[in-house]
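What follows is a set of notes on a single structure, which appears directly below.
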Amino acid sequence: MRALLVLTIWAVTASVALAQPRPGDSVTVTGAKDRLTVRRFVEAFTAPTRITGKIARWEVGVCPITVGLKPGFAKYISQRVRDVGMQVGAPVDADAACKPNIEIVFTTTPQGLADTIRKKHDAYLGYTDTVAQRDRLATITRPIQSWYLTATQDLAGKTVVDGSRVAGAGGGVRVPCAGNTVWCQGGSQEVISLKPVHAMLTTGSRALGDGLRSGFYHVIIVADPTKLLDHEIGTLADYIAMLALTQLSSLDLCQNLASVTSLLTPGCAQALTVNDRGYLRGLYHMNPQRALSVQEDQIAWQISQEAGAAGK
């Protein structure tokens, strides 16, 4: 039986009337107009990790699972995450029986689920400095909300899950096993190491990159279906795929380039665009050890290439 972090008793297992995708749905093609526009788009997207100041991505095979919908809808969303991941070059676990590291939960009581995670498994909310920050992080403010637990890898390949301890002897948090084949060694539980990241091996160079890289350890996405009835399942799946494959800085504004991330902003709804694909492909082809500005440049270049190819 798959080991799930979330308590699926909170999930809506009854039929949810989400709109079906329309025949002929396709990717929206909206090209980038100039370098400055693309650069601003990338900067508005990126949410650097607190430990490395770099952009996190999946370094191990993604394995999504969706609960709270009819089986057909749930399978569709999970498969869409896999499909988009493969299209942009993200690692995808090919094993149909893999243990999930991306959990997508549809529930009419999202705050109840968030409270449970906050109380019993708060490491999965991600890095914070204070209790107040963690409380805010666990507060539901959007129809679809996501949390990211990241890890840092050094030059020697040593990987430490990012935690709030950055000094002293370090410590650990025992949590349900997420099933990650790299960080989880099996069993029903694992201990997340909170060792100080400054003890890791680096190049010592900021200009060329210090050699550290950030990766996702676990992602939770919670959606309230009662607030999503006006959206088609296909577009929702694209939106969720973006959240599953990258951590985004802002989802509450119209982007300066067309993007599916504007889906829940009134008047800005989009399907997955060429800009979104370019961003993801740039993310999964950039140098993960370089500084943030270099990573953003590499992603911006990829967006321009995608937009240019789509406009031909």
task: Could you work out how far apart the two model spin labels at C254 and A47 are, taking each label as a point 7 Å from the Cα in the direction of the beta carbon, and quote it in nm?
output: 2.3
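What list do you get for E43, E59, E306 if you sort them by fewest beta carbons within 10 Å?
In increasing order of surrounding Cβ atoms, one gets E43, E59, E306.
Going down the list K75/K119; K54/K227; K99/K120; K54/K75; K54/K120, which pairs span over 27 Å between their C-alpha atoms? Show your work: numbers first, answer last.
Working: K75/K119 29 Å; K54/K227 33 Å; K99/K120 20 Å; K54/K75 32 Å; K54/K120 29 Å.
As for pairs spanning more than 27 Å Cα to Cα, those are K75/K119; K54/K227; K54/K75; K54/K120.
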statement: From fewest to most C-beta neighbours within 10 Å, the residues M242, M86, M286 line up as M86, M286, M242
query: Using a simple spin-label model with points 7 Å from Cα along the Cα→Cβ vector, what separation in nm is obtained for R40 and T139?
result: 3.0
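When N is the residue count of the range 34-141, what does its C-alpha Rg come to as a fraction of 2.2 N^0.38 Å?
Compared with the compact-globule rule of thumb, the range 34-141 sits at 1.28.
Counting pairs of alpha carbon atoms under 8 Å apart in space and at least six apart in sequence, what relative contact order in percent does the range 119-166 give? The partial results should precede the final answer.
On the way: 40 pairs, mean separation 20.1, N = 48.
Contact order relative to length: 42 percent.
Based only on other Cβ atoms within 10 Å, what is the fewest-to-most ordering of T109, T66? Mind showing how you got there, number by number?
Values: T109 16, T66 26.
Lowest count first: T109, T66.
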statement: Everything considered on the Cα gyration tensor (a ≥ b ≥ c; rounded for a/c under 1.5, else prolate if a/b is larger than b/c, else oblate), the range 98-153 must be described as oblate
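Read-outs: derived from the displayed coordinates by stated rules, not from any lab. Small disclaimer: the values here were computed from a predicted structure and weren't measured. Virtual Cβ from ideal backbone geometry, glycine too; neighbours counted across all protein chains shown.
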